[in-house]
Amino acid sequence: MELTLFQQMAMVLVLATALGAVAIFLRQPLVAAFIVLGIAAGPAGLGLVEKGEPLDSLAQLGIALLLFLVGLRLDLNVIRRMGVTAAIAGLAQVVVTAALGFAVARGCGIGALGAALVGVALSFSSTVIVVKLLADRREIDSLHGRLAVGILIVQDLVVIVALIALSAIRQGTDGLAGPGVIDFALRGTVLVAALAALGRFVLPRVLHAFARSTEALVLFGIAWAVFVGAASERLGFSLELGAFLAGVSIASTRYRDAIGGRLTSVRDFLLLFFFVALGATLTVDSIWQQLPMALAFSAFVLLVKPAVAMAILLALGYGRRTSFVTALALGQISEFSLILIATAATLGHLERESIGAITLVALVTIVVSSATIVRSQSLYERLAPALGRAFHRRPETSDGGAAPSTCDVVIVGLGRYGSNIATILTERGVRVVGADFDPEAVASARRKGIPALYADIEDPEQVRNLPLERARCVVSALPQRELNVALFDALRASGYSGRVALCAHSHADASALVELGATHVFLPFLDAAKEASDRIVEVSAEPR
């Protein structure tokens, strides 16, 4: 008996719920469950759905909201704070990975234009998955977390450039010269200028009016994303580009987070249909035919892509541990990879069978990389000797400058917490030397007049080069337990017998560090909470 459209959607949603539960039990991202759902619901699986207009429309809505939310994140202030190093690393990673991916795709028999698109698609990593896993591990504010997020922001920008390029190619086979390009550029300029003017003078007032009702604000966000996407398509561009620009136009308003936070669930729900639409294009025969190519691309993404990222970060002066953990986080492809390939196939620039290969790559790499990100620190410990032989650190990065011959306190970790401690101690006349394995943090401390050295505490030799002879105390402002253990062991191995103060996130970590031999353990969040509570008690006791 043939199912109605409503009955098909009901079956798909029930299957999605079951697969989502399995993904949660296996500690896998829901994106992996959605990809499995697409294959299971399509002709290659249960045959619940067939490719058609209703399914495609829902998929396009999901893509529009995804790009809209990406645009919402791209506040100019956030991009400025990203840092030059992350921008260079991100661009270099995309360019080198795309070039190598092009070579692999050509080796698999794909044409030049298609291979270029595949190479670009393989260079992207999933912002949703990486940020979620880093946040769960409380590593977003760590050095490798900031580097990974910075690289992902660059990748998101490259996605938009790639979609713009596809829009240009859509204008015609010769769409790179002549009057058509001038007309294309003029229409693009008008679209961007109009959205910039609306974002500056009109949208803040409109959003303020809608903000009186949460439901109305969410409805406006969806309507704005879809309307600008449709207008962009009408002008000859892609709806993805229009939805992205719609997000950028309100990214600098104070309502950005309110809209983005409430639209995330709607986006995830509609993206489900995008993966179902992908699955509807696959058959059992096409999957088996594309399996060798998918395995080759998966090996490239899981092995070559992180190696490229690690080599780039090492060349920029970062230590092996930081470079390895950051690079490992990039070892999967993104939802945008699937969108780019699907769009290219729709425009006829790529064989539709390639969609199946990239879909399988997404499934394999997302599942594997989710497991490796969680175990990144332990994987580094196991692979450290081999990495040391394969990746040689430049000798000049181990010496960020000349250290004072004497000091009272050595502070390892010059993030916000460590740099504030160094500044306050310096103001009180304490002779301080800072050390960090982030070159930008070292440069920032020096600009403040604090002597600072580059020191990667994974390397005992670099710890020995710190001015430990007369230091009364070594303070670690790094909250990661494994890094503090490595520092303590390196200090004792170097013969330092003075006081060692370490940081911890939790009481359990603090107890372990005290047991290790730390003189004192700080709990920054708890200490700050106690100080704030004492101040609140004082204020509340004052007469009104």
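The values are calculated or read from the model by the stated rules, or taken from the named source; none is laboratory data. None of these values were measured; they are calculated from a predicted model. Every residue, glycine among them, receives a Cβ derived from its backbone with ideal geometry; neighbour counts consider all protein chains shown.
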Inset, instruction - Please find, within the range 122-147, the residue that is farthest from GLY418 (Cα to Cα) out of those that are modelled with pLDDT under 80 and not in a helix (DSSP H, G or I). - result: ARG137
Legend entry - Filter pass, VAL433 being in a helix (DSSP H, G or I), among the β-branched types (Val, Ile, Thr), buried (at least 16 other Cβ atoms within 10 Å of the Cβ) and in contact (Cβ under 8 Å) with a residue 12 or more places away in the chain: no
Inset, instruction - Working carefully through the options GLY45, GLY38, find the one that is touching a Leu at 6+ places or on another chain (Cβ under 6 Å), closer than 29 Å to SER369 by Cα and not aliphatic (A, V, I, L, M). - result: GLY38
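Among the residues of the range 523-531, is any within 31 Å of the chain's Cα centre (by Cα) and either outside any helix (DSSP H, G or I) or hydroxyl-bearing (Ser, Thr, Tyr) (or both)? Spell out how you get there, then give the answer.
So the first thing to find is which residues in the range 523-531 are within 31 Å of the chain's Cα centre (by Cα), and the list is 523-529.
Among the residues that remain, those that are also either outside any helix (DSSP H, G or I) or hydroxyl-bearing (Ser, Thr, Tyr) (or both) are: 523.
The answer is yes; a qualifying residue exists.
Answer yes or no as to whether VAL521 is assigned by TED's automatic domain parsing to the domain that holds GLY434, more than 13 Å from VAL409 (Cβ to Cβ) and surrounded by fewer than 20 Cβ atoms within 10 Å (Cβ to Cβ). Even if it seems obvious, please write down each step before you answer.
Numbers: assigned by TED's automatic domain parsing to the domain that holds GLY434: yes; more than 13 Å from VAL409 (Cβ to Cβ): yes; surrounded by fewer than 20 Cβ atoms within 10 Å (Cβ to Cβ): no.
So VAL521 does not fit the description; no.
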Inset, instruction - Could you run through the range 465-524 and say how many residues are in contact with a Ser or Thr (Cβ under 7 Å, 6 or more places away or on another chain) and modelled with pLDDT of 90 or more? - result: 5
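Kindly evaluate ARG187 against the criterion of being in the same structural domain as GLY317 (by TED's automatic domain parsing), of a type in the set (D, E, K, R), modelled with pLDDT of 85 or more and over 22 Å from LEU66 (Cβ atoms).
On the way: in the same structural domain as GLY317 (by TED's automatic domain parsing): yes; of a type in the set (D, E, K, R): yes; modelled with pLDDT of 85 or more: no; over 22 Å from LEU66 (Cβ atoms): yes.
The answer is no for ARG187.
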